[in-house]
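I have placed the structure first, in the form of structure tokens, so that the comments after it can refer back to it.
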Amino acid sequence: MTQPKRIAVTGAAGQICYSLLFRIANGDVYGKDTPVALQLLDLPQAQKAVKGVVMELEDCAFPLLQDVVITDDPKAAFRDIDAGFFVGSRPRTQGMERRDLLNANAEIFRVQGEALNEGAKRDAKVIVVGNPANTNAMILAANAKDFPTENITAMLRLDHNRALTQFAQKAGVSVDAIAKFVVWGNHSPTMFADWTNATADGKPLAEVIGDEAWYKETLIPTVAKRGTAIIEARGASSAASAANAAIDHMRDWIKGSDGDWVSMGVSSDGSYGIPEGLMAGVPVVCEGGAYKRVTGLEIGPFQRQMLDRTVAELSEEREAVSALL
Ligand code: NAX
């Protein structure tokens, strides 16, 4: 059998991982012909819970799952990895200011960036899910000095997928009929779900739906507030859908996106007026194990206003954690 792909997953005892780990072990990222080994990181107090999850993984008898490591040491977790899902992060607790939350997470991702730098394969692909995902990914990249920054990405795919279904329902088409849609900016309520170039079965989506007021007043806020709506309905934050989005993001990056756009948080090259180095959601096309930014798009006044708003928030976050960059 071929060598397994070694995959680090942080926050392994958490609720997203309770779905994510089983999907990875089932071959949903690398495919049904590629064995995998999991390197699971969580805090010391969560080690027992991780062991419980691993017992359940064993009880699934996944043919592709060759090895599982459980650790509270980031260096052990990231050694020789081909991929990393950075899900674990510090949640906001009562009375905690946004700046404190940013700083607590910045410290976690500083330590993990150094460990990634020390042990991971240089072509490892990394997705940051743990919030604030974009800024955490930026800190990770800044502290993994010999690791290629383009291999560190942040997850916007859940927002992307959420919007696809809303559009498909409104347009009366299937989700895979929709192409060239993107969520720009920060994974936060300022994100910009942009249908400007989107098509449904090859026709402009805006014409198919024919209701700009719905797009601006319903779609954009619905997608932005979807996480809160899930918490209100379920009593817990998005988990299976977040895991699914992480799988989609990594699978497309590895296997390709068939020419379609997907939304990924990547380190800005300065295009579209997004300051260089910010980890911002942009449209990309994945092919041959790499992503390429979609370039040369014209940005209209409404797009500019929405983009500037989310980029301003990313700049503020960068400012708040500047000591660790
Ligand atoms: P949980 O609170 O269920 O699990 C988090 C796990 O991370 C816990 O087991 C905890 O012990 C662990 N952890 C904390 N600090 C750690 C560290 N330094 N090293 C390793 N593990 C650590 O959260 P869950 O619902 O699984 O969500 C995880 C993260 O995803 C949160 O930050 C959440 O806000 C974020 N999300 C991001 C989304 C995105 O689209 N980018 C969407 C879903 C989700 O809200």
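Quick check on this structure: which one of PHE109, PHE78, PHE86 is in contact with an Asp or Glu (Cβ under 8 Å, 6 or more places away or on another chain) and modelled with pLDDT of 95 or more?
PHE78
Answer yes or no: is there a residue in the range 287-296 that is buried (at least 20 other Cβ atoms within 10 Å of the Cβ) and not in a strand (DSSP E or B).
no
For the range 73-98, what are the residues that are touching a strand residue (DSSP E or B) at 6+ places or on another chain (Cβ under 7 Å), assigned to a loop (DSSP other than H, G, I, E, B) and not aliphatic (A, V, I, L, M)?
Residues satisfying the conditions are ASP80, ASP82, GLY88.
Given the structure, is ALA144 within 16 Å of the ligand (Cβ to nearest atom), surrounded by 15 or more Cβ atoms within 10 Å (Cβ to Cβ) and in contact (Cβ under 8 Å) with a residue 60 or more places away in the chain?
When the stated conditions are applied, ALA144 does not pass them.
Any residue in the range 14-27 that is assigned to a loop (DSSP other than H, G, I, E, B) sitting within a Cβ distance under 7 Å of a residue that is of a type outside the set (A, V, I, L, M)? List the pairs, counting only those 6 or more apart or interchain.
GLY14/GLY88; ASN26/PHE62; GLY27/THR34
Quick one: GLN169 ticks every box in (1) touching a residue at least 12 places away in the same chain (Cβ under 8 Å); (2) out of contact with any Gly (no Cβ under 7 Å at 6 or more places or on another chain) except a single one, so which number is it?
Result: GLN169 passes all but (1).
Out of the residues in the range 297-325 that are more than 22 Å from GLU217 (Cβ to Cβ) and not in a helix (DSSP H, G or I), which is modelled with the lowest pLDDT?
Among those that are more than 22 Å from GLU217 (Cβ to Cβ) and not in a helix (DSSP H, G or I), it is LEU325.
When you check VAL69 against the structure, is it assigned by the TED database to the domain that holds ALA13, in contact (Cβ under 8 Å) with a residue 24 or more places away in the chain and under 19 Å from the mean Cα position of the chain (by Cα), yes or no?
no
Which residues, taken from the range 139-198, are of a type in the set (Val, Ile, Thr) and either within 13 Å of the chain's Cα centre (by Cα) or outside any loop (DSSP other than H, G, I, E, B) (or both)?
ILE139, THR149, ILE152, THR153, THR165, VAL175, ILE178, VAL182, VAL183
Under the condition of being out of contact with any strand residue (DSSP E or B) (no Cβ under 6 Å at 6 or more places or on another chain) and touching a residue at least 60 places away in the same chain (Cβ under 8 Å), which residue from the range 193-215 is surrounded by the most Cβ atoms within 10 Å (Cβ to Cβ)?
The extreme case among them is ASN197.
Just to be sure, is THR228 surrounded by fewer than 18 Cβ atoms within 10 Å (Cβ to Cβ), modelled with pLDDT under 95 and within 20 Å of THR190 (Cβ to Cβ)?
Answer is yes for this residue.
Please count how many residues of the range 99-131 are farther than 15 Å from VAL9 by Cβ and either of a type in the set (D, E, K, R) or part of a loop (DSSP other than H, G, I, E, B) (or both).
Result for the range 99-131: 10.
The values are calculated or read from the model by the stated rules, or taken from the named source; none is laboratory data. As the structure is a prediction and not an experimental result, all values here were calculated from the model. We place every Cβ from the backbone using ideal geometry, glycine too, and count neighbours over all the protein chains shown.
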